[in-house]
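Q: Got a structure for you, questions after.
Nothing in this text is a laboratory measurement; each read-out follows from the coordinates by a stated rule. Given the structure is predicted, the values throughout are model-derived calculations rather than measurements. Reconstructed Cβ throughout: ideal geometry from the backbone, glycine too, with neighbour counts over all protein chains shown.
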Amino acid sequence: MNFLDFEQPIAELEAKIEELRYVDSDSKLNIHDEITKLQKRSKELTESIFSSLSAWQVSQIARHPLRPYTLDYINRLFTDFNELHGDRSFANDPAILTGIARFDGNPVAVVGHQKGRDIKERIYRNYGMPKPEGYRKALRIMQLAERFKLPVLTFIDTSGAYPGIGAEERGQSEAIARNLMAMSGLRTPIIATVIGEGGSGGALAIGVGDKLNMLQYSTYSVISPEGCASILWKNSEKAKDAAEALGVTAQRLQQLDLVDSVINEPLGGAHRDYDQTADGIRTTIKIQLNELNQLGVEALLDSRQKRLRACGFFR
Amino acid sequence: MSWLDKLLPSRIKTNGASRRTVPEGVWTKCDNCNAVLYRAELMRGLEVCPKCSHHMRIGARSRLDGFLDREVRVEIGSDIKPVDKFRFRDSKKYKDRLSSACKETGENDALIVIMGSVKEIPVVAVAFEFDFMGGSMGSVVGEKFVLAVDACIDNDAPLVCFSASGGARMQEALISLFQMAKTSSALAKLSKAGLPYISVLTNPTMGGVSASIASLGDINIAEPNALIGFAGPRVIEQTVRQTLPEGFQKSEFLLEHGNIDMILDRRDMRERIASLLSMLCHSQATSKTGNG
C-alpha cells in the first residue's frame, strides 16, 4: 500500500499489524485478539482522517499513483470493448482512449483520459495530457456515436491539455473549443464522470453533456492549485491555499449545484478497492442512462441547452 | 517679484503651477519604436503607431466606437454585475479586485456588447476590456456573450467578437470554466440559425477564451503580432524544456500553421469585415470600387 503524507498514522498502524501477523505465524502466543483490535483502530483512524480531508488532501488522493484509471473501469464496467484509434488526420493520441463497448448489455461509446501506471506507460500516455489529435479523435467517436444512436460515456482524469509546442501548432485551443460546441448539440445522451483529476479545459473538452458525476475524492477545477498559486500568490507553494479557495472537491462543487451526483468511494479512497468503486459508478450511470433514454432527442437537447444557459452567478 | 518678472509681458509669464495644468498625455510614446506621438492622432488611428504600425492596446469602447456606424447603437446587458459566489480570496479579495477594476475602467465587467451596424449591415459586436482583470471570462462575460448571440438570432444579425483576454477568471473557479461550454453552446445555436460569426483575436487571446469563443469563428481574423494560444509560453517552456521557436504563438505563426484565416491591420478592420459580412449575408457590396 502506498500511503500519502497525511495517512502516516494509518501507515504506522498497518505496519504494526503486519509485524504482529508475522509473529503470529511462528509463535504459539495468541495475538489474534490484538490484531483484531488494531485493525479496528486502523479503520476508525482512517474514518476519522477521511471524514475531514482538506481540499489539498483530496487533490492528492485524486492524483494517487494507485488510483484506478479509465482502463481499470473499462475492464470492470463494459463487455466487448473495442478500442478505436486515431483522428484520421494526424495521429493517434494515447492520452485519450476511445471505443465502443456494451454497458449492461447495450452498446455505448466510451471516451476517457488515460494515465500511465509505470514510467514507460506514463511517457506513452503523455501523463494523461492530451494533444489536439486526442480531442479530435474523441470528437470523431462522439459523432460516430451520434450517427448510430449510442449514448456517450466519458471518464475525466487529466491534469490538463498538454502545454507543448506541437500541440499549440496544431491548434490545441481550436480542438477544445470545437468539442465544447459539438458536444452541446450532440444528438445522443452524454454522461461525464470525473474519476480523478478534472484539469481545466483539457477536462471540459470531453465533459459537456447531460449529467456530470464526480467520484467522492476526485477534483474539478479551472486551473491546478499549483498553477493558481503561482499566478495569484506568485508562489506555487501556496497550492494548499489555492485548492481551498478554488473549491476543487466534489463535495464543495455539489453544494454549488455544479455536479449532478457524487459517487462514494471505498474507505480510504478508490485505490483501496477498484471493484467497489466501479460498482458505484455502474449503479449511478445505469440510473442516469435510463432516465436520459426516456427523453426524446429534442427534449434531451433542450434540457442540455437549458443547463448550459443557466450556468453562472451574477446580478 | 524680481526685476525680470516686471519686465516680462504677463502673457508669457509662467510659473510651476500653471505648467502643471498642461493636460497630461498630449504626447505619448510608441512601446515598439519609441517614436513620440501626438495622442489625438494616435487615437484617430485606433491606437496603431503611425510610424511602425505597432498595434497598441485599445479599450473595448474605443474599439467598438471605431468599428460600428455612428448611428443607432444599443448596448446590451450593461447592468449585469458580477458576484463573488466562492468568496474567493488570494493575496487580495476578489470583491476588492472587482471594485478596483470597476473604478479603473468604469465598467461592470470585462465584456461590452453593442448592437448596431457596420457600413449599414446590422451586426452585434462584442469586445473584451483587457483592463478589467485581464479581460478574464467569468459569469458576467459568459452571460453577456449569450445575450449577444440571442440578439443576433432575434434580429437576424451576424456576430463579431474582438477578444483580448488572459483566459477564464480564476476567482470564479469552476463556474468560469463552465462559461467556455455555455458560450460555445450559444455559438452552436448561432451557427444553426445560419448567421455568420467573425472572431477577431487581438493581443493577447489565451487560455479559456482562446479555447472557446475566440477559435470558433466562421472566419478567424488576428491583428498583427498578437499573442494567441492555449497555454502560456512560460508554462510551455517549463514543460518541454526547450527554447520556443521564433515568433511562437504570434499571429503570423498561427497563420502559417493554418489556425487563422487572415491577419488584418486594425485600421482596415471595419472595411474588410463589412466586405466579408456583405458576402456572407448576401447584402449589397459595401466597397465603393465593387461592381456588385
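Q: Counting only residues 5 or more places away or on other chains, whose amide H sits under 5 Å from the amide H of residue B:129 once H atoms are built in the peptide plane?
A: B:111, B:112
Q: Picking from A:11, A:53, A:69, whose Cα lies most toward the positive end of the charge dipole for the stretch A:1-157 (charges on Cβ: Lys, Arg +1; Asp, Glu -1)?
A: In the stretch A:1-157, that residue is A:69.
Q: Under 12 Å from the Cα of residue B:119, which aspartates and glutamates turn up, not counting those fewer than eight places away in the same chain?
A: List returned: B:69, B:71, B:271.
Q: What residues qualify as long-range amide H neighbours of residue A:81, i.e. H under 5 Å apart, gap of 5 or more or another chain, H built at 1.01 Å from N?
A: A:102
Q: Given a cut-off of under 8 Å on Cα pairs at least six residues apart, what relative contact order in percent is computed for the stretch B:132-290? The partial results should precede the final answer.
A: Numbers: 258 pairs, mean separation 30.4, N = 159.
In percent, rounded to a whole number, it is 19.
Q: Can you work out ³J(HN,Hα) from phi for every residue in the stretch A:61-67, in order, using Karplus 6.51 cos²θ - 1.76 cosθ + 1.60 and θ = phi - 60°, giving whole Hz and x for Gly and Pro?
A: 5, 4, 9, 3, x, 9, 4
Q: Now a separate question. Give, in nm to one decimal, the length gained when the segment between residue A:37 and residue A:117 is fully stretched (0.36 nm per residue of separation minus the Cα-Cα distance).
A: Net length gain for the segment: 25.4 nm.
Q: Let a ≥ b ≥ c be the square roots of the eigenvalues of the Cα gyration tensor of the stretch B:169-222; is it rounded (a/c under 1.5), or, if not, prolate (a/b larger than b/c) or oblate?
A: Values: a/c = 3.91, a/b = 1.32, b/c = 2.97.
Oblate shape, in that a/c is at least 1.5 and b/c is the bigger or equal ratio.
Q: What lysines could a cross-link reach from residue B:51, if we take a straight Cα to Cα line under 17 Å and drop same-chain neighbours fewer than 8 places away?
A: Hits, sequence-local ones excluded: B:29.
Q: Under 8 Å for C-alpha pairs, at least 6 residues apart: give me the relative contact order for the stretch A:222-315, rounded to a whole percent.
A: Values: 50 pairs, mean separation 11.6, N = 94.
Taking the mean separation of contacting Cα pairs over the length of the stretch A:222-315, I get 12 percent.
Q: What spacing in nm lies between the two simple spin-label points modelled at residue B:36 and residue B:225, each 7 Å away from Cα in the Cβ direction?
A: 2.1 nm
Q: Pop out the ³J(HN,Hα) list for the stretch B:223-237 in order, Karplus 6.51 cos²θ - 1.76 cosθ + 1.60 with θ = phi - 60°, rounded to Hz; leave Gly and Pro as x.
A: 7, x, 6, 7, 7, 9, x, 8, 8, x, x, 5, 4, 5, 4
Q: Ok, one more. In the stretch B:204-251, what trypsin sites (Lys or Arg not before Pro) fall in a loop by DSSP, with at most 14 other Cβ atoms inside 10 Å?
A: Values: sites: B:234, B:241, B:250; in loops: B:241.
Hits after loop and neighbour filter: B:241.
Q: Hey, with R₀ at 25 Å, roughly what FRET efficiency would residue A:309 and residue A:264 work out to, going by the Cβ-Cβ distance, to 0.05?
A: Working: r = 31 Å, r/R0 = 1.22.
Efficiency at R0 = 25 Å is approximately 0.25.
Q: About its Cα centre, how strong a charge dipole does the protein assembly as shown have in debye, to the nearest 20, once Lys and Arg get +1 and Asp and Glu get -1 at the Cβ?
A: Numbers: 76 positive and 75 negative charges, 324 e Å.
That gives a dipole near 1560 debye.
Q: Sticking with this structure for a sec: Between the alpha-carbon centers of the stretch A:87-165 and the stretch B:230-286, tell me the distance in whole angstrom.
A: After rounding, the separation between the Cα centres reads 29 Å.
Q: Here's a follow-up. Once label points are set 7 Å from the Cα along Cα→Cβ at both residue B:243 and residue B:155, what is their separation, rounded to one decimal in nm?
A: In this crude label model, residue B:243 to residue B:155 measures out at 5.1 nm.
Q: Mind checking A:201-209 for the average number of partner chain beta-carbons within 10 Å of each residue's beta-carbon? Please report the intermediate quantities before stating the final value.
A: Values: counts 12, 3, 1, 10, 3, 0, 3, 6, 1.
Mean partner-chain Cβ count within 10 Å for A:201-209: 4.
Q: Just want the ordering: A:70, B:202, from fewest to most Cβ atoms lying within 10 Å of their own Cβ.
A: Working: A:70 23, B:202 28.
The most exposed by this proxy come first: A:70, B:202.
Q: I would also like to ask the following. Tell me, in nm to one decimal, what length is gained between residue A:147 and residue A:279 on full extension, where the rule is 0.36 nm per residue of separation less the Cα-Cα distance? Walk me through the intermediate numbers first.
A: Working: separation 132, 0.36 × 132 = 47.52 nm, distance 2.93 nm.
Here the segment from residue A:147 to residue A:279 would lengthen by 44.6 nm.
Q: For the residues A:220, A:274, what sequence is obtained by ranking on other C-beta atoms within 10 Å, fewest first? Intermediate values should be presented prior to the final figure.
A: Details: A:220 30, A:274 18.
Placing the least packed residue first, the sequence is A:274, A:220.
Q: I've got another one for you. Where the centre of each part is set by its Cα atoms, how far does the stretch A:205-245 sit from the stretch A:29-49, in angstrom?
A: Result: 35 Å between the Cα centres.
Q: Long-range amide H contacts for residue B:54: which residues qualify at under 5 Å (H placed 1.01 Å from N, peptide plane, sequence gap of 5 or more or a different chain)?
A: Hits under the 5 Å cutoff: B:49.
Q: What do you get for the angle between helix A:32-51 and the principal long axis of chain A? Use alpha-carbon atoms, 0 to 90 degrees, nearest ten.
A: On a 0 to 90 degree scale, this one is about 40.
Q: Within a 10 angstrom radius of the beta carbon, how do A:73, A:127, A:135, A:217 rank from fewest other beta carbons to most? Mind showing how you got there, number by number?
A: Numbers: A:73 23, A:127 14, A:135 31, A:217 28.
The most exposed by this proxy come first: A:127, A:73, A:217, A:135.
Q: How much FRET efficiency would the formula 1/(1 + (r/R0)^6) give for residue B:279 and residue A:293, where r is the Cβ-Cβ distance and R0 is 51 Å, rounded to 0.05? Let's see the in-between values first.
A: Values: r = 44 Å, r/R0 = 0.86.
It comes out at approximately 0.70.
Q: Check cross-link reach from residue A:43 to the aspartates and glutamates: straight Cα distance under 18 Å, and skip same-chain residues fewer than eight apart.
A: Counting by Cα, and skipping residues close in sequence, residue A:43 has these aspartates and glutamates nearby: A:5, A:7, A:12, A:14, A:18, A:19, A:33, A:34, A:265, A:273.
Q: Applying the Karplus parametrisation 6.51 cos²θ - 1.76 cosθ + 1.60 with θ = phi - 60° to the phi angles of the stretch A:206-222, what ³J(HN,Hα) value in whole Hz is obtained for each residue in order, glycine and proline being reported as x?
A: Per-residue couplings from phi come out as 10, x, 8, x, 9, 9, 10, 10, 9, 5, 3, 10, 9, 10, 8, 8, 6 Hz.
Q: Please state the charge dipole magnitude for chain A, taken about the Cα centre, from unit charges on C-beta atoms (+1 on K and R, -1 on D and E), reported in debye and rounded to the nearest 20. Could the numbers behind the result be given before it?
A: Numbers: 39 positive and 41 negative charges, 215 e Å.
For chain A, the charge dipole is close to 1040 debye.
Q: Take the residue pairs A:131/B:250; A:40/A:286; A:137/B:189; A:306/B:92; B:85/B:182 and return only those whose Cα atoms are more than 25 Å apart.
A: Working: A:131/B:250 20 Å; A:40/A:286 34 Å; A:137/B:189 23 Å; A:306/B:92 34 Å; B:85/B:182 18 Å.
Too far apart for the 25 Å limit: A:40/A:286; A:306/B:92.
Q: Shape verdict for the stretch A:145-249, please, from the Cα gyration tensor: rounded (a/c under 1.5), prolate (a/b greater than b/c) or oblate.
A: Here the stretch A:145-249 falls in the oblate category.
Q: In chain B, with Lys and Arg counted as +1 and Asp and Glu as -1 at Cβ, which of these residues, B:231, B:62, B:274, has the Cα nearest the positive end of the dipole, that is, farthest along it?
A: Farthest along the dipole direction, towards plus: B:62.
Q: Let me ask another. Rounded, prolate or oblate for the stretch A:161-315? Axes are the square roots of the Cα gyration tensor eigenvalues, ordered a ≥ b ≥ c, and the cut-off for rounded is a/c under 1.5. Working shown, then result.
A: Numbers: a/c = 1.68, a/b = 1.19, b/c = 1.41.
In terms of gyration-tensor shape, oblate.
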